[in-house]
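Only one structure is covered here, and it is reproduced in the block below.
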Amino acid sequence: MDMTTRPTLQHFLSDTKHGPYVSLYMSWPENTSVEALRLRFKNMVKHTKSVMTETYPETDFSAYAAELEPYEQDPTFWQTCETNGFGMLTNGAQTYVTPMYEAVDEVAMVTDMPQILPLMLDEATATDFDILALNADSIQMYHNHGHQVRPISLPDDAPQTLKGTLGTEIRGGETNSVSQGGGRVTHHGHNEKSAEKASDQRRFYQAVDQYVLANHSNPHKMPLVLMGLAENVAVFREISKNHHLLPKLAVVKSPANLDFVELDDLLTPVRETLRDRRRQNFAEIIENARGNDSYTDHLEEVVQAAVAGRIAILFVQAGARIHARLEGTQIERDSINAQHANLLNDLADIVLSHGGQVELLTEAYLPVEVGAMVRYA
C-alpha cells in the first residue's frame, strides 16, 4: 500500500466532514525490523480502540479497523518507506497517509477533528530547494525536500557539459594556431588561452542559467542553491539572471565524486539556514501585525476570530497542547473527550477550512501557545 502525497490532505479535510477521527503518527529509527514496526503500529491501533470505547461509545470501531489493519498486514508498506515515519488519519470511511520527513513524536489519538498539527510541523521544518552543482565544464542538478536529496534527471538537450553545449564554438580547448602566410604560424600565448577558457566557461554557464530558469526555477518557484568551488560559484553568480538564486548561500565544495551521504551532510547547514530565515520572516510578520493591531495572543479572542473565519495566519507553538475542545464558540475543558483533545489542533482545522494559514514556530519565536494575525483589525 502506497503513501499518498501531501496535497491530498486538503481533499481529505474537505471530503470528510464527520468524525470521530483516528490520528496516528509514528517514526522508525534506522535498523528497526519490519516486525517490530508492525507490532508498534498494531499496539497503537489497539490503544485507539480502547480510547474510542471510552470517549465515543456509540461509534463502532470495526470500520476504523477495516481501514487501518491492511497497512499493518502489508510488509511492503514498512519495507519501502524511505522517510522518517508517517502520519495516518481516518474517519472509518476514508484514510489519508503521508510520509513524514522529520522525526515525529508517537501519536495515537481519537478526537472530533483530525490531528493535523504534526503535519503542519513537518511542513514548517521541511525545506524545498534545488541544487545546481557546478564544475568548470559540467553541471548536475539535485532537489532537496525535508532531509531527502535526489538527483534531477536532465534531458539530453540540456546544457550538461561545456563541450556538448558549445561544440565547435569552444575557443580555449587546444592551443590555437593561425597561418600568417609565407609559412609563418602564430600561436596563442598562455594568457590568451586562459582568457578564452574563461570565456567558454561564461558562455556555458549562461546557457545553463537560461535553461535552469526556464525549465526549473520559474515553473516550480523553487529556491536555487549553488554548489561548487568558490571560483565557479563566483562566475555563475556574476552572469546569472535567475531571481530564484539564493544570495550569500552556497555549498563551497567541489561536487566531483561526492556520494549521497556526503552531499546530505553538506546540505545540513543550508537546511537550517533556510529554516531560520523562515522563522525570522514570521517573527517580523508578527511584530508588524502587533504594530497595526491585527495580532492577538489572547486565547478567547483567537477562538472567536477562528470561528468567524477572520484569521489570516494562525501561529501555534510547536509541541504545545491545550486539553480542551470547542463546543460551538465555547471552550470545553471538563469532559473525557476534552482531556483527549488538543484545542490548538481544532483551531488549526477551523482556520484551514476558512482558507487561512497555519504556521508552527518554536518557543524561541513564539513564547505563547497560540497567536493569530486577523484579516482586519
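The values are calculated or read from the model by the stated rules, or taken from the named source; none is laboratory data. Note that this is a predicted model, so its numbers are computed, not measured. Methodologically, a virtual Cβ is constructed for each residue, glycine included, from the backbone with ideal geometry; neighbour enumeration extends over all protein chains shown. For accessibility, only protein heavy atoms count, side chains too; no ligands or nucleic acids. Shrake-Rupley method; radii C 1.70, N 1.55, O 1.52, S 1.80 Å.
Residues checked against (1) modelled with pLDDT of 95 or more; (2) among the polar types (S, T, N, Q); (3) over 26 Å from VAL107 (Cα atoms):
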| position | (1), (2), (3) |
| --- | --- |
| LEU299 | yes, no, no |
| ASN342 | no, yes, no |
| VAL351 | no, no, no |
| GLU359 | no, no, no |
| THR362 | no, yes, no |
| GLY371 | yes, no, no |
| ALA377 | no, no, yes |
Legend entry - Selection within the stretch 187-214 - modelled with pLDDT under 95, surrounded by fewer than 17 Cβ atoms within 10 Å (Cβ to Cβ) and polar (S, T, N, Q): ASN191, SER194, SER199
Inset, instruction - Pick out the one residue from ASP276, ASP293, ASP259, ASP265 that is in contact (Cβ under 8 Å) with a residue 24 or more places away in the chain, out of contact with any Cys (no Cβ under 7 Å at 6 or more places or on another chain) and not hydrophobic (A, V, I, L, M, F, W, C). - result: ASP293
Inset, instruction - For the stretch 295-304, indicate whether the set of residues that are on the phi < 0 side of the Ramachandran plot, buried (at least 20 other Cβ atoms within 10 Å of the Cβ) and among the hydrophobic types (A, V, I, L, M, F, W, C) is non-empty. - result: yes
Inset, instruction - Return the total of residues in the stretch 108-121 being open to solvent by 30 Å² or more (accessible area, probe 1.4 Å) and part of a strand (DSSP E or B). - result: 0
Inset, instruction - Taking the options ALA93, ALA126, ALA136, name whichever one is surrounded by fewer than 23 Cβ atoms within 10 Å (Cβ to Cβ), farther than 30 Å from GLN210 by Cα and in contact (Cβ under 8 Å) with a residue 12 or more places away in the chain. - result: ALA93
Inset, instruction - Please determine, by comparing only the residues of the stretch 266-281 that are under 25 Å from VAL358 (Cβ atoms) and among the polar types (S, T, N, Q), which one is least open to solvent (accessible area, probe 1.4 Å). - result: THR273
Legend entry - Unmet criterion (only one of (1) more than 29 Å from PRO255 (Cβ to Cβ); (2) out of contact with any Leu (no Cβ under 7 Å at 6 or more places or on another chain)) for TYR96: (2)
Legend entry - Which listed residue, of VAL104, VAL97, is over 18 Å from LEU352 (Cβ atoms) and either more than 18 Å from the chain's Cα centre (by Cα) or assigned to a loop (DSSP other than H, G, I, E, B) (or both): VAL104
Legend entry - In the stretch 128-145, the residues that are over 16 Å from HIS220 (Cβ atoms), modelled with pLDDT under 95 and either touching a Phe, Trp or Tyr at 6+ places or on another chain (Cβ under 8 Å) or not assigned by the TED database to the domain that holds ASP209 (or both): ASP137
Inset, instruction - Collect the residues in the stretch 228-265 that are open to solvent by 60 Å² or more (accessible area, probe 1.4 Å), among the hydrophobic types (A, V, I, L, M, F, W, C) and not in a helix (DSSP H, G or I), keeping them in residue-number order. - result: LEU229, VAL252
Inset, instruction - Sort out which residues of the stretch 346-358 are open to solvent by 60 Å² or more (accessible area, probe 1.4 Å) and touching a residue at least 60 places away in the same chain (Cβ under 8 Å), and write them in order of number. - result: SER353
